[in-house]
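The values are calculated or read from the model by the stated rules, or taken from the named source; none is laboratory data. It should be emphasised that the depicted structure is a prediction, and the values quoted were computed from it without experimental measurement. Positions of Cβ are generated from backbone atoms using ideal geometry, with glycine treated the same way; all protein chains shown enter the neighbour counts.
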Amino acid sequence: MQDFIRFVGPNQAIEIFGINPVGVNAENGKKFLFSLVFVVTALLLGRMLQFLASLILRSHRIERIKFWSRQAIRLATAALVIIGMTSIWFDDPTRLATALGLVTAGLAFAFQKVLTAVVGYFVILRGKIFNVGDRIVMGSVRGDVIALGFTQTTIMEMGQPPSVQNADPSVWVQSRQYTGRIVTVSNARIFDDPVYNYTREFPYLWEEMIIPISYTADRDRAERILLDAAEHHTVSLNDLSQEAIQEMQRRYLLKPTDIRPRVYYRLTDNWLELTVRFIAKDHGIRDQKDAMSREILQALNEAGIGIASATLEIVGLPPLQIRDEIQGKKGFLE
């Protein structure tokens, strides 16, 4: 066996059948074994820390704290592995700089999208673009963020309102409720497409409902019905976070806006269009609008106000003359 595999030279290079593989020697073999043990130990340590964190935070109700504790452990484990492997294989600073330059150039060329996604991950964290639990639109996907990784963001998809049903990709749920599909989106999409956040810093949305009525209807009574329903079912002013509104005005130069329900008129060729604008929470909008619709419909019926629609009502017919060809008699049908 010694005739086939042996160590030769001052560096104890391995010679196999008289051939010297490049870079294979006793020193590199020791570094490889030590690196293997080090990586396994670091991964086991990370797993152990995640297990302890899950036990400590098991009764904690805030899911974001649990998520970010796991993220911190993963980042610390990755940093430990990178620093440890660098220290093992590159003890000479000159060799380290040269190797890092070559490796960086190769990785930048071969893994452009992956590196962009990783950079996007840190931009998301640093720029606070969104957080786990936020409702966002990212890469044409609408839904709630349920996980955030180094390269991908996982979203629980939700449906689309009827006004955007033709958007790509289209879904079969015509409201902002879960479809049941879990979608992964590359973090690199934040550099290509805008990210819409429904929740960040101000977890409320302005919503509208459009009710058409005839011009002869009691529009003052109809407006009062819409306002009563909006004030009854929407978020009250006392429950809104005034600190969040003030912070948005301070950071983004946001002009003061009226958040109380209001009804707007719009004249059309067929009817008067009443649009009630109100504020709502970022979740549960469909339930809220359903309750408002039921109350508005009942109140309009009690007030004798009908909802206008593009229909025709036949109120009468002219007399029809029927000719009897056999007997030559004429008759009239009234």
* **Residue that is modelled with the lowest pLDDT [pool: residues in segment 219-240 that are surrounded by 13 or more Cβ atoms within 10 Å (Cβ to Cβ) and either in contact with a helix residue (DSSP H, G or I) (Cβ under 6 Å, 6 or more places away or on another chain) or not in a helix (DSSP H, G or I) (or both)]** => LEU240
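Out of GLN2, GLN12, which single residue is modelled with pLDDT under 80, polar (S, T, N, Q) and surrounded by 12 or more Cβ atoms within 10 Å (Cβ to Cβ)?
Result of the check over GLN2, GLN12: GLN12.
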* Within segment 169-207, how many residues turn out to be in a loop (DSSP other than H, G, I, E, B) and touching a residue at least 60 places away in the same chain (Cβ under 8 Å)? -> 8
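In segment 266-306, how many residues are in a loop (DSSP other than H, G, I, E, B) and of a type outside the set (Phe, Trp, Tyr)?
Final tally of qualifying residues: 9.
Restricting attention to segment 132-146, and to residues there that are farther than 14 Å from ASN187 by Cβ and assigned to a loop (DSSP other than H, G, I, E, B), which single residue is modelled with the lowest pLDDT?
Residues of segment 132-146 that are farther than 14 Å from ASN187 by Cβ, as a first pass: 133-135, 137, 140, 142-144, 146.
Filter once more, so that each one left must be assigned to a loop (DSSP other than H, G, I, E, B): 133-134, 140.
Details: GLY133: 88, ASP134: 91, SER140: 85.
Filtering first and then ranking leaves SER140.
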